[in-house]
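Written below as structure tokens is the structure these notes are about.
The values are calculated or read from the model by the stated rules, or taken from the named source; none is laboratory data. Owing to the predicted nature of the structure, the values given are computational and were not obtained by experimental measurement. Neighbour counts are summed over all protein chains in view; Cβ atoms, including those assigned to glycine, are modelled from backbone coordinates with ideal geometry.
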Amino acid sequence: MIPVVKQKEPDNFDKDVRQRGLKYLNQNPRPNAKDFSRHGYWTKVNADIYRLYRGICAYTGDRPIF
């Protein structure tokens, strides 16, 4: 496992991910996997997160193998 230092969240994270995701979950408190995946708000910041963590997974601390 590679040590990972927590980075500042992208500028658009709160507006594009957190707020939209919380609104959806408030309206759909128990979505199934199919419904949840159609609302992939986190994908709005994928490129930013990848850049901030220099390709290292912030969750597992591993470098993805493609």
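Inside region 11-38, can you point out the residues that are more than 12 Å from the chain's Cα centre (by Cα) and in a loop (DSSP other than H, G, I, E, B)?
Hits for region 11-38 are Asp11, Asn28, Pro29, Arg30, Pro31, Asn32, Arg38.
Tell me which residues, restricted to region 39-53, are part of a loop (DSSP other than H, G, I, E, B) and at pLDDT 90 or above.
Tyr53 - this is the single residue of region 39-53 that is part of a loop (DSSP other than H, G, I, E, B) and at pLDDT 90 or above.
Starting from region 1-30, keep only residues that are farther than 13 Å from Asp48 by Cβ, then list their pairs with residues that are of a type outside the set (Ser, Thr, Tyr) and exposed (fewer than 13 other Cβ atoms within 10 Å of the Cβ) whose Cβ atoms are within a distance under 6 Å, requiring at least 6 positions of separation or different chains.
Met1/Gly61; Ile2/Gly61; Val4/Gly61
Answer yes or no as to whether Pro3 is surrounded by 13 or more Cβ atoms within 10 Å (Cβ to Cβ), part of a loop (DSSP other than H, G, I, E, B) and not aromatic (Phe, Trp, Tyr). Lay out the reasoning, then the answer.
Working: surrounded by 13 or more Cβ atoms within 10 Å (Cβ to Cβ): no; part of a loop (DSSP other than H, G, I, E, B): yes; not aromatic (Phe, Trp, Tyr): yes.
No.
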